[in-house]
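> Pasting a structure below so you can have a look.
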Amino acid sequence: MNKLLLTFPLALIMLSGCGDPKDATESNFKKAAQAYLDTQYPHCYITVNFPFKSDVVSFNHLPEILHIMAGKGMVKETETSRKHIPASWAGKERDIVVNSYDLTEEGKKYYKPDAARNMKGEALGGFCFGRATVDTVDNFTEPSDALGQKISRVAFSYKVTDIPDWAGTPELLDLDRRLKEDMASGSVPLKKNGIFILTGKGWMHERLFGK
């Protein structure tokens, strides 16, 4: 009987220690921020469809990036044409080389064929990796009403891990700012602000609301 009496108060203490997921607390916002980050990572840093030829107009250093990745065994580089341009008043002597790139078996481990969509709505593949983890919840506003919902503005920081060694090549990082920032987040956590909405199950990032 005495054992039963001791167990009952202990259960009450344990229950009272369980926070309400609807409360505006640091721990609840941290969980909600992590749920959001889990939908953003693995992130697809380098988007490209294969086979790819380097004579295609590119605005994101893609030929240079793929050339570096070829040296890491992620893609296969094949020279398809070479044109020699002699020196003239217009410039120095040089060779114009066109390379073709395709995935290797190692590269397929990181490649997602439907990573994104281009401006035409066509599927675009990409090299995807990384995991983001909330580091701190820096501040949040007192919940307020907006458009019929209870919201709070939350500022938090996070770090990115599980970036493969080949992606940490300095030459590659210099060509991809997002990758460089994520790579450095272990020592310099990334900052992010977001609006969180109170739902029947607790707090949720606005971009996940209604999904």
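Bear in mind these aren't lab numbers, they're just calculated from the coordinates by the rules spelled out. Quick caveat, the model's predicted, so the values are computed rather than measured. Cβ: placed from backbone, ideal geometry, glycine included. Neighbour counts: every protein chain shown.
> Taking the chain as a Gaussian network, Cα atoms linked when under 10 Å apart, which of Ser88, Ser144, Ser54 shows the biggest mean-square fluctuation?
Looking only at Ser88, Ser144, Ser54, the largest GNM fluctuation is found for Ser88.
> Once you place label points 7 Å from the Cα toward the Cβ at Asp38 and Gln149, how far apart are they in nm?
Distance between the two pseudo-spin positions: 2.0 nm.
> Loop by DSSP (not H, G, I, E, B), at most 10 other beta-carbon atoms within 10 Å: where is the longest site-free stretch of the chain for chymotrypsin sites (Phe, Trp or Tyr not before Pro)?
The longest such stretch corresponds to 90-211.
> Assuming R0 = 22 Å, what is the FRET efficiency of Ser58 and Asp165, from their Cβ-Cβ distance, to the nearest 0.05?
Details: r = 25 Å, r/R0 = 1.15.
According to the calculation, E is roughly 0.30.
> Here's a follow-up. For the chain, modelled as a Gaussian network with Cα springs under 10 Å, which listed residue fluctuates most, Gly130, Gly121, Gly168?
In this elastic network of the chain, the residue with the biggest mean-square fluctuation among Gly130, Gly121, Gly168 is Gly121.
> Rank these for me by crowding, His61, His84, His43, going from fewest to most other beta carbons within 10 Å. Before the final figure, lay out the partial values.
Details: His61 15, His84 8, His43 19.
The fewest-first ordering by Cβ neighbours comes to His84, His61, His43.
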